[in-house]
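S.K.: The structure is given below, and queries will be raised subsequently.
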C-alpha cells in the first residue's frame with residue numbers, strides 16, 4: 001500500500017517541481033541580466049558619466065543630454081496625458097455610463113492598449129512632426145508618448161474612481177451638491193492616491209520607451225540639452241540604443257552604464273509610487 | 001400660516017434659481033470638457049488610421065498592391081527596388097515563433113503553479129515578481145540578447161550568426177512569459193470549484209485533475225492569452241532591432257540574421273530619408289500591415305476570452 005503510494009506520488013512531485021522551475025527560470029534570467037549589466041556598467045559609471053555630453057571617445061562620453069531629454073519628455077508627457085486621461089476616466093465612470101458612445105470609447109481604449117508602440121511613433125511622425133509642424137522636437141516626442149500612455153492612464157484612473165463607495169456620492173447629493181461638486185470635493189480626493197500611483201507607473205513605462213521616439217526622430221548625437229519645447233532632443237533609451245549598436249566594446253560598456261541609470265530612474269519612480277500610495281492611504285485611515 | 005410661509009420663501013427663491021441656472025451652466029461646461037477628453041482617445045485611433053492610410057494609398061498608387069504581395073524580395077533602399085513584404089513577415093514570424101516556444105510552456109506551468117499549487121502567501125510575491133519581468137524596458141532586453149545571449153549560444157549552436165533571430169526570440173519569450181502566466185492564471189482561477197470537486201470525488205488526485213479537468217476547461221481563456229502574447233511579440237521592436245539584424249531575406253532559419261517588420265521601420269527612421277519619397281512611405285506601409293495584423297489578433301483574443309467568460 002505504502003509502496004503504491006510513493007510510486008503514484010513520484011510524478012506528482014516531478015510536476016510540482018516543473019511548475020516551480022517555470023517560475024524560477026525567468027526570475028533567475030532576470031537576476032543574471034541585472035548582475036551582468038550592473039557589473040559591466042559600474043566600471044564606467046561615475047559623476048562625470050552623468051554630467052558629460054556624448055563623444056567620439058567612449059571614455060569621455062556621457063549621458064547628460066539623454067537624461068535631461070528624458071526628464072523633459074516625462075514632464076511634458078505628464079502635463080498632456082494626465083488631464084486628458086483623468087478627464088476621460090471621470091467622463092466614463094461618473095457620466096453617461098450606459099450611453100452607446102461610452103461603450104464605443106471603452107472598446108476603443110481597450111484596442112488602443114494593444115497597438116504596438118512603434119505604430120504610435122508613426123502616428124507622431126505623421127501627425128505631430130509633419131502635419132502640425134512641430135518638427136523633430138521634444139514636444140512632438142512628448143505628445144507621442146502621451147497618446148501612448150493615455151489608455152493606461154484612463155484604465156488606472158477608472159479603477160481608482162470605481163473604488164470610491166457609491167454611498168459617499170449619494171451623501172453629497174443628499175446635501176445638495178451638484179454632480180461636479182460631488183466629483184471634485186468628494187470622489188476625486190478619495191480616488192487621488194490610486195490615480196497618482198497609476199500615473200507614476202504609466203510615466204515610468206513612458207521613460208523606458210525607445211521605438212516611438214526613434215520614429216519621431218530623437219537624435220542620437222547631440223551636444224546640448226533642450227532649452228525649450230521646440231528644441232531637438234535625445235533620451236536615455238535612445239542614447240543606450242546608439243551605444244549598443246556600435247561595434248566597439250567600450251561603447252557597449254557605456255550602454256550598460258546607461259542602462260543602470262535608466263533602471264535606477266525607473267526604480268525611483270516605482271518606489272515613489274508605492275511610497276505615496278502607502279502614505280496617502282495611511283493618512284486617510 | 002401660508003402667508004408667513006410665503007414671505008419666508010419668496011426672497012430666497014429668486015436668487016436661488018439664478019444661482020442654480022449659473023451652476024447648471026457650469027455643470028454643462030464641465031461635462032463638455034470631460035467628454036472632449038474621452039473623445040481624444042477616439043481621435044487617437046482616427047489619427048492612426050488616417051496617417052497610415054494616407055501614406056499607404058500614396059505608395060499603392062505608385063507601386064501597386066501586386067508588387068507588395070507577389071514579390072519575394074524587399075530591397076527599397078537598393079537601386080534595383082523590390083517591394084515584396086514577405087521577407088519582413090518571415091522575420092517577424094520566426095522571432096515570434098521562437099518567443100512563443102519559450103513563453104507558452106513557461107507561462108502555462110507558472111500559471112498552474114500560481115493558481116492551483118502555491119499557497120496564497122507564495123503567490124502574493126511571485127505574481128509581482130513576474131510582473132517586474134514585463135516592466136523591464138525592451139532596450140535592456142535587446143542589450144542582453146546581443147551582448148550576453150548570442151555569445152553564449154554561439155558556443156554550442158553551430159553556424160549561429162552574430163545577429164540572429166534565435167537569441168532575439170528567446171529573450172523576447174522571457175519578456176512575454178509573464179503576460180501568458182497572468183492571463184492564464186485568471187482563466188484557471190475562473191474554472192468553477194465544483195469541477196475540481198467532482199474530479200476528486202471520482203478518485204482523481206491533484207495533478208490529473210489539473211491536467212485533465214481544469215486546463216481543458218480553461219482552454220478558451222488560455223488560447224486568448226496566447227494570441228495576445230503573439231500579438232505583443234509581433235509588435236515588439238527594440239529586441240529584434242538590436243539583436244536580430246537588418247537583412248530581409250525569405251528564410252525560416254532562426255540561426256541567420258533576419259529583419260522584422262518593426263526593425264525595418266527603425267532602420268529607416270535612423271537614416272535620413274526625406275519625407276514624401278517612396279522609401280519614406282514604405283515604413284507606413286509596413287506599419288499598416290503591422291497594425292492590421294495585431295488588431296486582428298487582439299480582436300480574436302478579446303472575443304475568445306469573452307466567450308470563455310460566458311461559459312464559466
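Where a number appears in this text, it was derived from the coordinates with a stated rule and is not lab data. Computed from a predicted model, the values in this text were never measured in an experiment. Note that each Cβ is placed from the backbone with ideal geometry, even for glycine, and that neighbours are counted across all protein chains shown.
S.K.: For residue B:307 paired with residue B:132, estimate the spin-label separation in nm (one decimal), with each label point 7 Å from Cα along the Cα-to-Cβ line.
M.R.: Calculated label separation equals 3.9 nm.
S.K.: Given a 10 angstrom Cα cut-off, can you work out which residue in B:31, B:116, B:131 is the most mobile in a GNM of chain B?
M.R.: Among B:31, B:116, B:131, the largest mean-square fluctuation in the Gaussian network model of chain B belongs to B:31.
S.K.: Bin width 5 Å, origin at 0, all Cα-Cα pairs of the range B:86-311: what percent of pairs per bin?
M.R.: Here the calculated profile for the range B:86-311 is 1, 7, 13, 15, 16, 14, 11, 9, 6, 4, 2, 1, 0, 0, 0.
S.K.: Let me ask another. Using only Cα atoms and rounding to the nearest 10 degrees, what angle (0 to 90) does helix B:219-235 make with the longest principal axis of chain B?
M.R.: 70 degrees
S.K.: On to the next question. Return the FRET efficiency for the residue pair residue A:190, residue A:104: r is the Cβ-Cβ distance, R0 is 25 Å, and the value is rounded to the nearest 0.05. If you can, show how the numbers build up before the last one.
M.R.: Numbers: r = 28 Å, r/R0 = 1.13.
Working from the Cβ atoms, E equals 0.35.
S.K.: Right, another one. If each DSSP helix of 4+ residues adds -39,500 (n - 2.57) and the sum is divided by the residues in chain B, what number results at 222 nm, nearest 500 deg cm²/dmol? Mind showing how you got there, number by number?
M.R.: On the way: 13 runs with 228 residues, N = 312.
The helix-only estimate for chain B comes to -24500 deg cm²/dmol at 222 nm.
S.K.: Once every DSSP H run of n ≥ 4 in chain A is given -39500 (n - 2.57) and the sum is divided by its residues, what mean residue ellipticity at 222 nm do you get, rounded to the nearest 500 deg cm²/dmol? Could you put the intermediate results ahead of the total?
M.R.: Numbers: 12 runs with 209 residues, N = 285.
Value at 222 nm, helices only, nearest 500: -24500 deg cm²/dmol.
S.K.: In angstroms, what radius of gyration and Dmax does the range A:97-192 have, counting Cα atoms only?
M.R.: 18.1, 53
S.K.: Per residue of A:105-113, count partner chain C-beta atoms within 10 Å of its C-beta, then hand back the mean as an integer. Please report the intermediate quantities before stating the final value.
M.R.: Working: counts 7, 2, 2, 7, 5, 3, 7, 5, 1.
Counting other chains' Cβ atoms within 10 Å and averaging over A:105-113 gives 4.
S.K.: Here is a further query. Enter the per residue convex hull volume of the range B:60-147, computed from alpha-carbon coordinates, in Å³ rounded to the nearest integer.
M.R.: In the range B:60-147, the Cα convex hull volume per residue is 168 Å³.
S.K.: Also: Helix B:120-135 versus the longest principal axis of chain B: what is the Cα-based angle in degrees, 0 to 90, to the nearest 10?
M.R.: 70 degrees
S.K.: Still on this model: From the C-alpha coordinates alone, can you work out the Kirkwood hydrodynamic radius of the range B:31-102, in Å?
M.R.: On the way: mean 1/r = 0.0650 Å⁻¹.
Taking every pair of different Cα atoms in the range B:31-102, averaging 1/r and inverting gives 15.4 Å.
S.K.: Name the residue, out of B:162, B:173, B:135, whose mean-square fluctuation peaks in a Gaussian network model built on chain B with Cα pairs under 10 Å.
M.R.: B:135
S.K.: Right, another one. Given Cα pairs under 8 Å that are at least 6 residues apart, what percent is the relative contact order of chain B? Display every interim value, and only then the final one.
M.R.: Working: 401 pairs, mean separation 74.9, N = 312.
In percent, rounded to a whole number, it is 24.
S.K.: Pairwise over distinct Cα atoms, reciprocal of the mean inverse distance: report the Kirkwood radius of the range B:16-63 in Å, one decimal place.
M.R.: Working: mean 1/r = 0.0726 Å⁻¹.
Final number for the Kirkwood radius of the range B:16-63 is 13.8 Å.
S.K.: Sticking with this structure for a sec: With viscosity set to 1.002 mPa s at 20 °C, what whole-number translational diffusion coefficient in µm²/s follows for the range A:128-285 from Stokes-Einstein and a Kirkwood radius over Cα pairs? Don't jump to the answer; show the numbers that get you there.
M.R.: Numbers: Rh = 18.4 Å.
Calculated translational D: 116 µm²/s.
S.K.: Could you tell me what fraction of 2.2 N^0.38 Å the Cα radius of gyration of the range B:66-207 comes to, as a two-decimal ratio? Intermediate results must be reported in sequence, preceding the final value.
M.R.: Working: Rg = 21.0 Å, N = 142, 2.2 N^0.38 = 14.5 Å.
For the range B:66-207, the normalised Cα radius of gyration comes out at 1.45.
S.K.: Any idea what Rg and Dmax come out to for the range A:233-274 if you just take the C-alpha atoms, in Å?
M.R.: Taking only Cα atoms of the range A:233-274, I get Rg and Dmax of 12.0, 40 Å.
S.K.: Once each part is reduced to its C-alpha centroid, what is the distance from the range B:234-304 to the range A:99-144 in angstrom?
M.R.: 18 Å
S.K.: If I take the Cα coordinates of the range A:30-74 and project them onto the principal axes, what are the three extents in Å, biggest first?
M.R.: Projected onto the principal axes, the Cα atoms of the range A:30-74 cover 31, 28, 17 Å.
S.K.: Residue A:31 to residue A:279: extension gain in nm, 0.36 nm per residue of separation minus the Cα-Cα distance? Write down the numbers at each step before the final one.
M.R.: Details: separation 248, 0.36 × 248 = 89.28 nm, distance 2.96 nm.
Gain on stretching residue A:31 to residue A:279: 86.3 nm.
S.K.: How much length is gained if the chain between residue B:50 and residue B:201 is pulled fully straight, taking 0.36 nm per residue apart and subtracting their Cα-Cα distance, in nm to one decimal?
M.R.: On the way: separation 151, 0.36 × 151 = 54.36 nm, distance 5.86 nm.
The residue B:50-residue B:201 span can extend by a further 48.5 nm.
S.K.: Same structure again: Against the globular-protein guess of 2.2 N^0.38 Å, express the Cα radius of gyration of the protein assembly as shown as a ratio, rounded to two decimals. Walk me through the numbers on the way to the answer.
M.R.: Values: Rg = 27.0 Å, N = 597, 2.2 N^0.38 = 25.0 Å.
So the protein assembly as shown has a normalised radius of gyration of 1.08.
S.K.: Return the inverse of the average 1/r over all pairs of distinct C-alpha atoms in the range A:83-129, which is the Kirkwood hydrodynamic radius, in Å to one decimal.
M.R.: Numbers: mean 1/r = 0.0820 Å⁻¹.
With all distinct Cα pairs of the range A:83-129 included, I get 12.2 Å.
S.K.: How long is chain A along each principal axis, judged by its Cα atoms, biggest number first, in Å?
M.R.: Principal-axis extents of the Cα atoms in chain A, largest first: 80, 70, 37 Å.
S.K.: Could you tell me the relative contact order of the range B:234-292? Use alpha-carbon pairs under 8 Å, at least six residues apart, and round to a whole percent. Walk me through the numbers on the way to the answer.
M.R.: Values: 57 pairs, mean separation 18.9, N = 59.
In percent, rounded to a whole number, it is 32.
S.K.: For the range A:18-142, how big is Rg over Rh, using alpha carbon atoms and the Kirkwood form of Rh? The partial results should precede the final answer.
M.R.: Values: Rg = 21.5 Å, Rh = 19.2 Å.
Rg/Rh for the range A:18-142 comes to 1.12.
S.K.: Related question: What is the list of residues in the range B:158-185 whose amide nitrogen lies under 19 Å from a point 7 angstrom out from the Cα of residue B:251, following Cα to Cβ?
M.R.: B:158-170
S.K.: Cut-off 10 angstrom, C-alpha nodes, Gaussian network model of chain A. Which of A:84, A:122, A:18 fluctuates the most?
M.R.: A:18
S.K.: Report the relative contact order of chain A, percent, no decimals, based on alpha-carbon pairs under 8 angstrom and at least 6 residues apart. Before the final figure, lay out the partial values.
M.R.: Details: 349 pairs, mean separation 75.7, N = 285.
In percent, rounded to a whole number, it is 27.
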